[in-house]
Amino acid sequence: MKLVIGITGAPLAGKETAANIIAELIQKDGHTVSRHRFSDILRDTLDLWGLPHGRINEQNMAQLMIVPQFFGKNTLSNAMKARLKRDATDVGVIDGVRWFSDEDMIMKDLPRDGVKGLIVYVDADPDIRFKRLQIRQRAGEAHTTREEFDMQGKRENEIYIAEIGNRAQIKLLNNYDSVDDFKNDVIMEYEKNIKPLL
């Protein structure tokens, strides 16, 4: 692997959409690409424990995994790094960078192994994000109130996102109603900041 792109942003800002567009552009340029999500590690663990998926359970599982006296805050980052080391593609795109240890893994640890790292921050107005939640209605989210939505954004595994985003090499604002408008912004940043690294 020669490049890892970490995507960070608040829930429903458009991280997955940005990751999909970036992966598609990388493939069109003739490179192999893999997609990873920190939440995949959490969902795999929930499955092993026989627990249902959903934002609250994933947040709770993340909290449990990072308890300092057990595994520590870099547990998920280490698990992702292990997955990336087994990956033979040219580029890995990771959705869900939330912890400083995730950022360090991408920007410090992997470069020591000769892998370039890049962080993309996707942001959107909270009112727009809540509207997207109401439309999306994933398992466990269908009856989320605005107050619950706002409180979820204040949990420990969400509060570092803006700070990581401030240091990101690419910053995208996704207040669009149209995916096509957002896609144009992603393409522009890809051409300018990602393609030269391939």
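Taken together, the values in this text are just the output of simple stated rules run on the coordinates, not laboratory data. Computed from a predicted model, the values in this text were never measured in an experiment. FYI the Cβ positions are ideal-geometry reconstructions off the backbone, even for glycines, and counts take in every protein chain you see.
Just to confirm the filter: which chymotrypsin sites (Phe, Trp or Tyr not before Pro) across segment 1-98 are DSSP coil and have at most 11 other Cβ within 10 angstrom of their Cβ?
Filter output for segment 1-98: 49, 70.
Computed per residue of the chain from DSSP H runs no shorter than four, each worth -39500 (n - 2.57), the mean residue ellipticity at 222 nm is -13000 deg cm²/dmol.
Spin-label pair residue 71-residue 40: with each label point 7 Å from Cα along the Cα-Cβ axis, the two points sit 1.6 nm from one another.
For segment 3-197, with only Lys/Arg (+1) and Asp/Glu (-1) charged at the beta-carbon, what is the dipole magnitude about the Cα centre, in debye rounded to 20?
In total the dipole reaches around 400 debye.
Spin-label pair residue 53-residue 156: with each label point 7 Å from Cα along the Cα-Cβ axis, the two points sit 2.5 nm from one another. Amide H contacts for residue 95 (H built 1.01 Å from N in the peptide plane; partners 5 or more residues away or on another chain; cut-off under 5 Å): 7, 36, 37, 38.
Once you divide the Cα radius of gyration of the chain by 2.2 N^0.38 Å, the number left is 1.00.
If packing is taken as the average count of other Cβ atoms within 10 Å, what order do 16-22, 165-171 fall into, highest mean first? Don't skip to the answer; put the middle values down first.
Values: 16-22: 21.0, 165-171: 16.4.
Ranked from most to least packed, the peptides come out as 16-22, 165-171.
Annotation: amide H of residue 32 within the under-5 Å range of 90, 91, sequence separation 5 or more or interchain, hydrogens built in the peptide plane.
A crude spin-label estimate for the pair residue 29 and residue 188, with each label 7 Å from Cα along the Cβ direction, gives 1.8 nm. Close amide H partners of residue 116, meaning residues 5 or more places away or on another chain with modelled amide H under 5 Å apart, are 3, 4.
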